[in-house]
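No value in this document is a laboratory result; all are computed from the given coordinates. Given the structure is predicted, the values throughout are model-derived calculations rather than measurements. Note that each Cβ is placed from the backbone with ideal geometry, even for glycine, and that neighbours are counted across all protein chains shown.
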Amino acid sequence: MTERRSDGVTPGRVTLVGGGPGSRDLLTLGAVEALRQADVVLYDRLAPIEVLDEFCPDAVHIDVGKLPGHHAVPQHEIERLLVEHALAGARVVRLKGGDPYIFGRGGEEVLACRRAGVPVEVIPGVTSAVAVPAASGIPLTHRGISHAFTVISGHAPLTASEFTHLAGLGGTIVVLMGVSALPALAPGLVAAGLASDTPAAVIERGHRSGQRTTCAPLGELPVAAARAGFARPP
């Protein structure tokens, strides 16, 4: 039985749900169950939003998605909405693309809930860092070729020492949100010692309609991607 607060309101809760890279097939059972129980859903633009009308049609759906360089709903406002709805007694789902703790600012949202005394849990999601290369037939590790992989964000420019570190690690380098960074990233890695003929690829709209992959040697990848017209997710 659910406890009630002294003011008679049933305490709500927040569940951060990783929605995977966009395909409904990659939603976990835990994610589906959380959505079915939701009263309020705050969703990102790259989350699998097409499932909302199926799994939680009666919930309030709030778009808090961000575009590069344009955050219509700032992070502090997202956190305020999570806490506000939960304190009012709602079962709140924060639906994210990928995994909440991989470049999803999930840690910040968990801390905001805890500071407000709101129960919060995290349901991990299938990260695009692994799923999208797999969808293009690219294994991140392969015996005798790659024994490790590193995941970085393409948003923050790398320093010379970071390029050197990455180039010397070995294994596969996965760059999320990296289309804009590619013109600087590829030559930076080559200058740091990574061979210019290292196999490389750019994948657009992974696990979504219109997925496509362009493969080229690392030194030629920016030109190949530009020629193919690669762009950020819409």
When the chain is modelled as a GNM with alpha-carbon springs shorter than 10 Å, which of Ala135, Ala200, Ala148 fluctuates the most?
Ala148
Counting each pair of different Cα atoms once, what's the Kirkwood radius of segment 13-123 in Å, rounded to one decimal?
13.6
Any residue on another chain or 5+ positions along whose placed amide H is under 5 Å from the amide H of Cys56 is listed here as none
Once the mean of 1/r over all distinct C-alpha pairs in the chain is inverted, the Kirkwood radius in Å reads 19.3
Taking amide H positions as placed 1.01 Å from N in the peptide plane, with prolines and chain starts having none, which residues 5 or more places from Thr150, or on another chain, fall under 5 Å of its amide H?
Thr172, Ile173, Val174
So how much slack lies between Arg227 and His76, counting 0.36 nm per residue of separation and subtracting their Cα-Cα distance, in nm?
50.5 nm
For segment 128-226, go through all pairs of different Cα atoms, get the mean of 1/r, take its inverse, and jot down that Kirkwood value in Å.
13.7
Among Gly20, Gly98, Gly137, the residue with the largest mean-square fluctuation in a Gaussian network model of the chain built from Cα contacts under 10 Å is Gly137
What nm value, rounded to one decimal, do you get for the distance between His61 and Glu220 when each label is placed 7 Å out toward the C-beta?
4.4
Net charge over other residues, Cβ less than 13 angstrom from the Cβ of Ala112 (K, R count +1; D, E count -1):
0
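Report, in order of residue number, the helices in the chain meeting two criteria: a C-alpha extent of 27 Å or more along the helix axis, and a mean Kyte-Doolittle hydropathy of at least 0.0; treat each whole DSSP H run as one helix. Each step should come with its number before you reach the end.
Details: long enough: none.
Helices meeting the span and hydropathy rule in the chain: none at all.
Where Lys and Arg each count +1 and Asp and Glu each count -1, what net charge lies around Val73 among other residues with Cβ under 9 Å from its Cβ?
On the way: positive: Lys66; negative: Asp63, Glu77.
So the environment of Val73 carries a net charge of -1.
Determine, for Val202, Val92, the number of other Cβ atoms within 10 Å of each Cβ, and report the residues in order from fewest to most. List each step's numbers first, then the result.
Details: Val202 22, Val92 29.
The order, fewest Cβ neighbours first, is Val202, Val92.
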